[in-house]
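> Can you keep this structure in mind? I'll have questions shortly.
Laboratory data are not the source of any read-out in this text; all were calculated from the coordinates shown. Since this is a predicted model, take the numbers as computed values, not measurements. Note that we place each Cβ from the backbone using ideal geometry, even for glycine, and neighbour counts take in every protein chain shown.
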Amino acid sequence: MSKRKAYYASKLKRATHLLFYKKHKKPGVKGWELHKALGPDYPKVLKLLDDYVKTLDLQVKTVFEEDRPMEKPTTGQLDKARFLITLRGEITPKEAKMIGWRVDDLAGLAIAITYIISKKGKAPRKEVEDLLRDKLPGWKVGLNVDRYIRYGYLTQDENEQLYLDWRTRAEVDQNALVDLILSHEKT
Amino acid sequence: MQSKKEHEHLGREKLQRIINTCKSVEDRSLDPFLVDIKGNINTVKEYFPEWKIPEDLCLDAETVHHFASVTRLQSEWVKHRSTNLYTDPFLLEDKIRRMEKIDIVKTFAKIWRPTIELEQISLRSMTEALEYWDSLLPMKERWKENALGENQTGTATREELINQRILRDIAFSEELETFWHELKKTTAEKGENGKIHYWNFVGAETYSETVQRAFMTSFLITYGYATLEIHPLEEEIFIVPNQELAPRTANKQLVSIPIAVSAEDWQKWKKGELQ
């Protein structure tokens, strides 16, 4: 193995350890942490890792602080971003159950996210709960919203306004979700 | 002709109304174009020369600050509408309401990419755990450390037990009877139609005494020395003392009625606000 190859192989291992194992409350690693652990060429290491995990249907996801994907991010923007490993392809409802999500809870999450998107990223908690009450038992609604907040899908301010949080930005393609819901036809 | 004072008063009211409208647009994600910025700026301009005291100037500044926020929201609104993320919220809400739960899940699953995260012990935490295990005393030894001393038995007099509050100096039944007589007497003096308002009997000089009286009253009612009369619409509770001890009938359904005796209510009662 060439010296260069060996160098990147060791960096790849280190990046895998950092990205897969949960070290903090939130999963994933901040860019500056990767910078410190892997060196300034960490974006290249992540690109190699992304190519490598593609065969396993996984991907390295970048969540920028600025709340939107970027074409050519600067080093500063990358350092502030969060890097995570997410699934690359689709998941079936059956698989969702296997990773600990009941159909009810997942439907509630989808409804809450879609509604907040339609309200320009901010909606009163009461309105979201009223909408969820349409399909979920009343006693579960508040608990579910709290759970979505705890997991990082939603966040709430002191005026009980709900916003989309980092996990939604990392895991959900918001445009595609709205398009799919609007184009859904009853079968 | 409107006096200067009335004009100022009207101006303050108008500014406050403008602030409230702006706030509701900011808080409830309403259409920011509902606020007529131009017209409202004219109102602010009209009254500005009247303001002399700092409070009025602050109100003016706050109004301008809210205009700035609403203008920013208007700009965001236009930007959002021009992006492909914009969808009519009513249309989307209607779609969500009409979709079956399983269809929503199927749709969501198509675009959801859950994060992969593993929680597993590391070599470092394993080492720390082993060190902890090594320093941990065996259970036998830990029990030995906490072994209780041998208890010495002895005798105690009735007075000593009363002092230690293990025994009461009068039997509870006697205390209850005395309390019943007090209820009858107070009702006759302060009550009306053979009943007394709950707080007028239970309320005392101190909160702890009030709680004690509420506690005793609950026993009076449970044991048939008195009954409760509740007027739910008026939110009034009366105690009606029984002249004779009412026998408890087995086939009569007993109902528990929780009555909160909070320190806040007690203070209100003291001030004469709770009737």
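> Counting pairs of alpha carbon atoms under 8 Å apart in space and at least six apart in sequence, what relative contact order in percent does the range A:3-89 give?
Relative contact order comes out at 34 percent.
> Given a Förster distance of 51 Å, report the FRET efficiency between residue B:45 and residue A:24 from their Cβ-Cβ distance, rounded to the nearest 0.05.
0.45
> Test of understanding: what is the full-extension gain from residue B:163 to residue B:13, defined as 0.36 nm times their sequence separation minus their Cα-Cα distance?
47.4 nm
> How big is the dipole moment of the range A:103-146 about its Cα centre under a simple scheme where the beta carbon of each Lys and Arg is +1, that of each Asp and Glu is -1, and everything else is neutral? Debye, nearest 20, please.
240 debye
> For the range B:98-115, take each phi angle, set θ = phi - 60°, evaluate the Karplus expression 6.51 cos²θ - 1.76 cosθ + 1.60, and give the result in whole Hz per residue in order, putting x for glycine and proline.
Coupling constants for the range B:98-115: 8, 6, 6, 4, 5, 5, 4, 5, 4, 5, 5, 4, 5, 10, 7, 10, x, 6 Hz.
> Take the alpha-carbon centre of the range B:163-237, take the same for the range B:37-72, and report the distance between them in whole Å.
59 Å
> If amide hydrogens are placed 1.01 Å from N in the peptide plane, which non-local residues have theirs closer than 5 Å to the one on residue B:274?
The list, which skips near neighbours in sequence, is B:269.
> Taking a label point 7 Å from the Cα of residue B:37 along the Cα→Cβ vector, which residues of the range B:43-77 have an amide N closer than 14 Å to it?
What the label zone holds, given the 14 Å backbone N cut-off, is B:64-77.
> Among B:91, B:21, B:196, whose Cα sits farthest toward the positive end of the charge dipole of chain B (+1 at Cβ of Lys/Arg, -1 at Cβ of Asp/Glu, about the Cα centre)?
Of the listed residues, the answer is B:91.
> Still on this structure: When we measure straight from the Cα of residue B:268, which lysines land under 28 angstrom away, once same-chain ones fewer than 8 places off are left out?
B:184, B:185, B:190, B:195
> Would you mind checking B:14/B:270; A:30/A:120; A:11/A:120; A:26/A:97; A:97/B:95; A:25/B:101 for any pair whose Cα atoms are more than 29 angstrom apart?
B:14/B:270; A:11/A:120; A:25/B:101
> Quick one: grab the alpha carbon gyration tensor of the protein assembly as shown, order the square roots of its eigenvalues as a ≥ b ≥ c, and give me rounded if a/c is under 1.5, else prolate or oblate depending on whether a/b is larger than b/c.
Verdict is oblate for the protein assembly as shown.
> Moving on. The range A:19-50 to the range A:90-164: how many Å between their Cα centroids?
Measuring centre to centre over Cα atoms gives 29 Å.
> Report the gain in length on full extension from residue B:101 to residue B:132: 0.36 nm times residue separation, minus Cα-Cα distance, nm rounded to one decimal.
6.2 nm
> May I pose another question? By counting other Cβ atoms within 10 Å of each Cβ, how are A:63, A:29, B:64 ranked from fewest to most?
B:64, A:63, A:29
> Let me ask something else about it. Evaluate the charge dipole of the range A:16-81 about its Cα centre and quote only its size in Debye, nearest 20, assuming +1 on the Cβ of each Lys and Arg and -1 on the Cβ of each Asp and Glu.
That gives the range A:16-81 a dipole magnitude of about 280 debye.
> I need the phi-derived Karplus couplings for the range B:153-166: 6.51 cos²θ - 1.76 cosθ + 1.60, θ = phi - 60°, integer Hz, Gly and Pro marked x.
8, x, 10, 10, 7, 4, 4, 5, 5, 5, 4, 7, 6, 7
> Something else: Hey, if you put +1 on the Cβ of every Lys and Arg and -1 on every Asp and Glu Cβ in the range A:89-132, which of A:117, A:101, A:132 ends up farthest toward the positive end of that dipole?
My answer, from the dipole projection, is A:117.
> Residue A:23's amide H: which non-local residues (gap 5+, or another chain) put their own amide H closer than 5 Å, with H modeled 1.01 Å from N in plane and none for Pro or chain starts?
Amide H to amide H, under 5 Å and 5 or more residues apart or across chains, residue A:23 pairs with A:28.
> Taking the Cα centre of the range B:172-270 as origin and charging only Cβ (+1 Lys, Arg; -1 Asp, Glu), how large is the dipole, in debye to the nearest 20?
Result for the range B:172-270 is approximately 200 debye, rounded to the nearest 20.
> Karplus couplings for the range B:38-44 from phi (6.51 cos²θ - 1.76 cosθ + 1.60, θ = phi - 60°), rounded to Hz, Gly and Pro as x?
4, x, 5, 5, 4, 4, 4
> Another question, if that's okay. May I ask you to compute the full-extension gain from residue B:242 to residue B:123, defined as 0.36 nm times their residue separation minus their alpha-carbon distance, rounded to one decimal in nm?
Contour length minus the Cα-Cα distance gives 35.3 nm.
> Among B:11, B:136, B:237, whose Cα sits farthest toward the positive end of the charge dipole of chain B (+1 at Cβ of Lys/Arg, -1 at Cβ of Asp/Glu, about the Cα centre)?
Highest projection toward the positive end goes to B:11.
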